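One structure below.
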Amino acid sequence: MKQKTQVDDIDRERYDFRFDEDPEAMLASGITPEIIEEISEEKGDPEWMRKFRLHALEIFARTEMPNWGPSIAGLDMSNIVTYIRPKSRMNTDWNDVPTEIKETFERLGIPQAERESLAGVGAQYDSELVYHNVRREVAESGVVYTDLESAMHDPRYAEMIRTHFMKIVPPTDHKFAALHGAVWSGGSFVYVPAGVHLEIPLQSYFRLNAKGAGQFEHTLIIVEDDAYLHFIEGCSAPKYYEAGLHAGCVELYVGKRATLRYSTIENWSKNMYNLNTKRAIVEEGGRIEWVSGSFGSHVSYLYPMSILSGKGAHAEFTGITFAGAGQNLDTGAKIVHAAPETTSHMDTKSISKSGGISTFRSAVTVQENAINSKSSVSCESLMLDGLSRSDTIPVMDIRTDQADIGHEAKIGRISDDAVFYLMSRGLDEQRARAMIVSGFADNVSKELPLEYAMEMNNLIRLEMTGTIG
Amino acid sequence: MKQIRVNQLPTPTYRWLGVNDAIAELPEAKSAEPCFTAPDGIEIKNCDLQSDHILSESQNELSSFFADSCTFSYLITGSSEQPLHVQIPNNGSNFFFIHAKSDSKITVIMHTQAEHNAFRTQIKADPYAAIKLVQIIRNGKSVSDIDADIAENAHFELVQIFLESDNAIAGTTVSLKGRNSVFTSNIGYLLDHNNALDINLNIIQNGKKSESETDVKGVLRGSAKKTFRGTIDFRNGASGAKGAEREDVLLMNSHVQNKTVPVILCAEEDVAGSHGASIGQIDASHIFYMQSRGIPEDRITEIIAQSKLGSVIRAIGDPETERSIYLAIGKEDPDE
């Protein structure tokens, strides 16, 4: 008798631990002008930012919810707490971080990773950063890696923040961009001067500990001409029954001939609505490389966007999405070719099991002036049972004749021929199937630093038994 | 003139792309009769959509328009190896119900070259039946709506060619309900000037081991605009089903606008679905090769544009109709 392949859900034990909530300050739930004023006062915003927040709130109030994508009816904004300050100010030494918060990040492996493989680390707990540090030699090269609030108050960077903050993701972009503009808190600011190559990555880790809360960190990265940066973003939260919300925003500015690699391993708990917005603008000859693993969340809307504004700019998106029971993960990417000779490539994989819904959604637009541009998109979906769904919804909008655009997509189950081939080479069936599923995620793991690839492979702890039905 | 929202993408996407639906302008209903040239074995009779209970289950705003406004509605039955030719009238709204009973075969070739018309074709293929529908849509404004139900081991073949249509809207929904039911389609378009074409092809695969294959080829010149939405929708239970879709677009002017939306929706594990799209300019090596054979460049682009539609034209299977299409696209010797 045939037996269905068994693929376990992602093991979340490492992420689902939690400590009792004991914040120093916690605002009331809901989104009102009074709450926005309180956030602004808590953070000591300059006047322009206070006005910006209130204006974004007006936009939020008048903007409709998206009428496409997964349902977010379970998200009651009036129950979301938008600001929680932990009992810790930002530190540059882990020993100064309160014990429970420090233990949280130790269990997530952050201090160890910092010692072994990172040039700098930022750690956010609920609404505020509790740790930020960068290696001395990196700081001496002129690289700035700090929390966004500090940068906004520092005369050296204040104007830079003002001229870049929410300029490529304006609050008018969509309802949750407007919400972010009103209630944002925490996040990182990175500045890499012209010509500086940062050989080892920086990492920011975002942890949401409180239940029924939102996290709205803002990441702003400026990589100047001819510079290189690899930035890693990680995020997780323990599981609660109340819905949580992540509506962060990432804005990336990539200078001429510069390269920015932005890697994300997203593992929010399955009560989270992940409505994050990420966008990069790339100048002449620059490169943006997105590497993305989406494993957590109850509902995700996540489509990093690359605007190729300079001649010869290039974008790459490599992603994997794993949707298990109770998850509806709508992920993909958007690329705008807005200059001549720009190029882009998307390579995505998705796995659906146990009733999980995975949707690949993309847009490639080539504007009239983007002559001699090229783009290729490849997406592949693996269905592991008949309870799940896997959809692909790509769009190509091409407005010049001098472009070459290719798109390929496949959907299916584990190939019996591939299993047969591996078995003919001496593997038992269980190992053969495990190897095929692990290999399916290879496009992402090979793009990550070794330690993170291992972490991702641990995340997909796949156990295979029997034969496929 | 009535305007209604049509060609809805089965699952909407980003609003800013403007691909979630289209607006169709429908002609005022007039008493315009189509002209039939029927072979032996094919029977055509007037029918009443309401009392004959032939409206399909999937009603929408457009099908309601046809149900309410069509003065002339026709039931086409029988079986023949030869095609039935239908000339669609100008400024009319017509309804055709093609019903192929078990083991029968019907081929219908519809021609339209009108200023403005709208027509709906409802297809019902009983077990082991075969229906082939060819639509040649030229010039003017037109709205074609097709709704097909295909039973087990039945085959529906669709060939659509759009030539310099001012504003053509084509919506097709095919339900492969029966085991081993098959749908194949060849769609071609040659658009120029300010021509506009909006296609929505929605293939719903319910039947086990059902198969669909779609091949779209097109050429855009001038300031032509085209949107092609192609959806393969594997429903739960369609085990062993296969679906493939491909669009190949040649862009020949810097003012053209091409939107391609190849969607796969999948709620069944045991299926194989694929889609592909290739959008671009003429390969420089092809031009170089043909120039080296003494062919001038403007003639080369014509030849390449004509050859792009060649496989779609050959799929018509009626030599006279194929010849007329070749002449319409400027091929010097259509018998070549």
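The values are calculated or read from the model by the stated rules, or taken from the named source; none is laboratory data. Every value quoted in this text rests on a predicted model; they were computed, and no experiment measured them. No Cβ is skipped: glycine too gets one built from the backbone with ideal geometry, and neighbour counts run over all protein chains shown. These accessible areas exclude ligands, DNA and RNA; they are computed on the full protein's heavy atoms, side chains included. Shrake-Rupley method; radii C 1.70, N 1.55, O 1.52, S 1.80 Å.
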Under the rule a/c < 1.5 gives rounded, and otherwise a/b versus b/c splits prolate from oblate, where does segment A:47-92 land using the Cα gyration tensor?
oblate
Which whole number gives the average, over all residues in A:380-391, of C-beta atoms from other chains lying within 10 Å of the residue C-beta?
5
Can you classify chain B as rounded, prolate or oblate using the Cα gyration tensor, where a ≥ b ≥ c are the square roots of its eigenvalues, rounded means a/c under 1.5, and otherwise it's prolate if a/b beats b/c and oblate if not?
rounded
Diffing segment A:395-407: the Karplus 3J(HN,Hα) column from phi (6.51, -1.76, 1.60, θ = phi - 60°), in whole Hz with x for Gly and Pro, holds 9, 10, 10, 10, 10, 8, 7, 9, 8, 10, 10, x, 9
Cβ neighbours within 10 Å from other chains - mean over B:248-261
5
Here FRET efficiency (C-beta to C-beta, residue A:442 to residue B:272, R₀ 22 Å, nearest 0.05) is 0.55
For residue A:225 paired with residue B:23, estimate the spin-label separation in nm (one decimal), with each label point 7 Å from Cα along the Cα-to-Cβ line.
4.7
Of all trypsin sites (Lys or Arg not before Pro) in segment B:287-336, the ones in DSSP coil with at most 10 other Cβ atoms within 10 Å are B:293
Which pairs in the list A:270/B:242; B:2/B:226; B:2/B:331; B:105/B:242; A:446/B:217; A:334/A:410 are over 27 Å apart, alpha-carbon to alpha-carbon?
A:270/B:242; B:2/B:331; A:446/B:217
Tell me the relative contact order for chain A as a rounded percent, counting alpha carbon contacts under 8 Å between residues six or more apart.
13
Relative contact order (percent, whole number), segment A:134-191, Cα cutoff 8 Å, 6+ residue spacing
46
Given the rule -39500 (n - 2.57) for each run of at least 4 DSSP H residues, summed and divided by the residues of chain B, what is its mean residue ellipticity at 222 nm, to the nearest 500 deg cm²/dmol?
-3500 deg cm²/dmol
If R₀ is 56 angstrom, what is the calculated FRET efficiency for the pair residue A:167 and residue A:99, using the beta carbon separation as r and rounding to 0.05?
0.90
Relative contact order (%) - segment B:240-336, alpha-carbon pairs under 8 angstrom, separation at least six:
25
Considering only chain A, percent of DSSP beta bridges that pair antiparallel, nearest 5:
10
For segment A:339-373, list whatever residues lose no less than 30 Å² of accessible surface once every protein chain is in place, relative to that chain by itself, with the probe at 1.4 Å.
A:361, A:368
What nm distance separates the two modelled labels at residue B:4 and residue A:140, each placed 7 Å from Cα along Cα→Cβ?
7.5
Heavy-atom accessible area per residue of segment B:1-148, all protein chains kept, 1.4 Å probe, expressed in Å², is 42
Ordered by number, the residues of segment B:10-43 that have at least 20 Å² less accessible area in the complete protein assembly than on their own chain alone (1.4 Å probe) are B:11, B:12, B:13, B:14, B:15, B:16, B:17
At R0 = 45 Å, FRET efficiency that the Cβ-Cβ distance of residue B:327 and residue A:156 yields, to 0.05
0.05
So how strong a dipole does segment A:200-271 carry about its Cα centre when Lys and Arg Cβ are +1 and Asp and Glu Cβ are -1, to the nearest 20 debye?
300
Proximal charge balance of residue A:60 [Cβ under 14 Å; K/R count +1, D/E count -1]:
0
Reachable aspartates and glutamates from residue A:167, criterion Cα separation under 14 angstrom, eight or more residues apart if same chain:
A:159, A:251
Leaving out ligands, DNA and RNA, calculate the buried accessible area for the pair B and A with a 1.4 Å probe, summed over both sides, in Å² to the nearest 100.
3600
In the protein assembly as shown, what % of DSSP beta bridges are antiparallel (nearest 5)?
15
Would you compute, from DSSP H runs of 4+ residues alone, the mean residue ellipticity of chain A at 222 nm, taking -39500 (n - 2.57) per run and dividing by the full residue count, rounded to the nearest 500?
-6500 deg cm²/dmol
Provide the per residue accessible area, probe 1.4 Å, for chain A, rounded to a whole number of square angstrom.
36
Could you work out how much longer the chain between residue A:242 and residue A:78 gets when fully extended? Use 0.36 nm per residue separation minus the Cα distance between them, nm to one decimal.
57.8 nm
So, in nm, how far is label residue A:71 from label residue B:43 when the simple model puts each one 7 Å beyond its Cα toward the Cβ?
4.8
Ordered by packing density, taken as the mean number of other Cβ atoms within 10 Å over each peptide's residues, highest first, how do B:169-177, A:191-199 rank?
B:169-177, A:191-199
Listed residues B:110, B:252, B:290; largest mean-square fluctuation, Gaussian network over chain B with Cα springs below 10 Å, found at B:290
